Amino acid sequence: MTDWYDETYREQMRYGLAVKERLFEAQSEFQKVEVIDTLRFGRTLIIDGVFMTSEGDEFLYHEMLVHPALCTAKRIGRVLIIGGGDGGTAREVLRHPEVEQVLMVEIDGVVVDASKEHLPTLGAWNDPRLELRIGDGIAYVKDNDDPPWDVILLDGTDPVGPGEGLFNAAFYAGVKECLAPGGVFALQSESPTLDEVFYEIQDALGGIFESVHPYFGPVPLYSAGLWSWTYATDGADPLAIDDVRAERIEKASRTYNRELHRAAFAQPQYMKNRRPLGNRQESGSAT
Ligand code: SPD
């Protein structure tokens, strides 16, 4: 009989994957961390019952979080990643030879260890430019004395549990303080099809940054169909693509290219009208 792993969304939807093997399960100080091997997507990381990333489609998420920012920011020597414990975001950042230093501040060492062991294709853990710090990204943004960062990337969970504090204006204001002038902040910003939180993120960023640009792409692992990332800045242009950087990345990327980069910023009418789909009245816990 098939072993199914179901993610439940607000007691309204279930999205299931057929399991080949359950590889890892641990309750960390912060959350329940699991890795399963699935028939469709291969090895899949799950946090608190929510699908985070899979070997089969992770490139769709990580390439689109990283390359629009890294192919347009004026400088990309210093890159800060908040979260990103599976390693996929750092791996994509480190594909840019102009990157000199990457600091990843991830709250949960269990996610990192499980990913290193069970999702080895996601990481570039041995790159000497990468420093991994197990700690709270919210506290880092508030308290650090490091020189400013050229690009800051936020790769977190949904806004529940330890990820919750990464979705508000106070945190975004702290991020801005850590950015170099003209720097770029790019973050995963949830689903525009199902979640009001997507619009709340845009509003919160809009109160902090001069220009805020959501962009979109599919991530089949996430039940909402369409996913979003957002590019926020006080001086960069999300469509001013550096052809040298982008061409180099395109040669080995699985989704990112310049046409997709430009197209990803187009918004359908339901989004311009701020209308997520379906019945949004019943809301239990968010995914
Ligand atoms: N609904 C799941 C959202 C997960 C976003 N972050 C994924 C982390 C991949 N590095």
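The values are calculated or read from the model by the stated rules, or taken from the named source; none is laboratory data. Just so it is clear, the model here is predicted, and its values are computed rather than measured. A quick note on method: Cβ atoms are made from the backbone with ideal geometry, for glycine too, and the neighbour counts reach across all protein chains shown. Please note that ligands, DNA and RNA were not included when accessible areas were found on the heavy atoms of the full protein model with its side chains. Shrake-Rupley method; radii C 1.70, N 1.55, O 1.52, S 1.80 Å.
Quotient of the Cα radius of gyration of region 144-196 and 2.2 N^0.38 Å, N being its number of residues: 1.24.
Based solely on its DSSP helices, what 222 nm [θ] is calculated for the chain when runs of n ≥ 4 H residues each add -39,500 (n - 2.57) and the sum is averaged over all residues, nearest 500 deg cm²/dmol? Intermediate values should be presented prior to the final figure.
Numbers: 9 runs with 76 residues, N = 287.
Estimated from H runs of four or more residues: -7500 deg cm²/dmol.
For ALA124, nonlocal amide neighbours, meaning residues 5 or more places apart or on other chains whose placed amide H falls under 5 Å from its own, are ARG91. Once you reduce region 211-228 and region 101-125 to the center of their Cα atoms, the two points are 23 Å from each other. Helices meeting the span-like rule in the chain (full DSSP H runs, Cα extent of at least 15 Å along the helix axis, mean Kyte-Doolittle score of 0.0 or higher): 58-70.
Take a quick pass over the chain and tell me how many lysine pairs come in under 23 angstrom between Cα atoms, counting only ones 8 or more apart or on separate chains. Walk me through the intermediate numbers first.
Values: LYS20/LYS32; LYS20/LYS116; LYS32/LYS116; LYS74/LYS176; LYS74/LYS251; LYS142/LYS176.
Close lysine pairs found across the chain: 6.
Restricting attention to the chain, close to 65% of DSSP beta bridges with both partner residues there are antiparallel.
For TRP149, the amide hydrogen comes within under 5 Å of the amide hydrogens of LEU179, ALA180, counting only partners 5 or more places away or on other chains and with H modelled in the peptide plane.
With every protein chain kept in place and ligands, DNA and RNA left out, what is the accessible area per residue of the chain? Probe 1.4 Å, answer in Å².
Details: 12190 Å² over 287 residues.
Ligands and nucleic acids excluded, the figure is 42 Å² per residue.
Can you work out the FRET efficiency for the pair ASN168 and ALA240, with r the C-beta to C-beta distance and R0 = 25 Å, to the nearest 0.05? The computed FRET efficiency comes out at 0.30. Apolar share of the accessible surface for the chain: 49 percent from carbon plus sulfur atoms, 1.4 Å probe.
By DSSP, what percent of the beta bridges with both residues in region 42-159 are antiparallel, rounded to the nearest 5?
Working: 4 of 19 bridges.
Taking every DSSP beta bridge within region 42-159, about 20 percent pair in antiparallel fashion.
For region 224-245, backbone nitrogen atoms closer than 18 Å to the point 7 Å from ASN257 Cα along Cα-to-C-beta are found at 241-245. Over all distinct Cα-Cα pairs of the chain, the Kirkwood formula returns a hydrodynamic radius of 19.0 Å. If you look at the Cα atoms of region 47-91, you get an Rg and a Dmax of 12.1, 39 Å.
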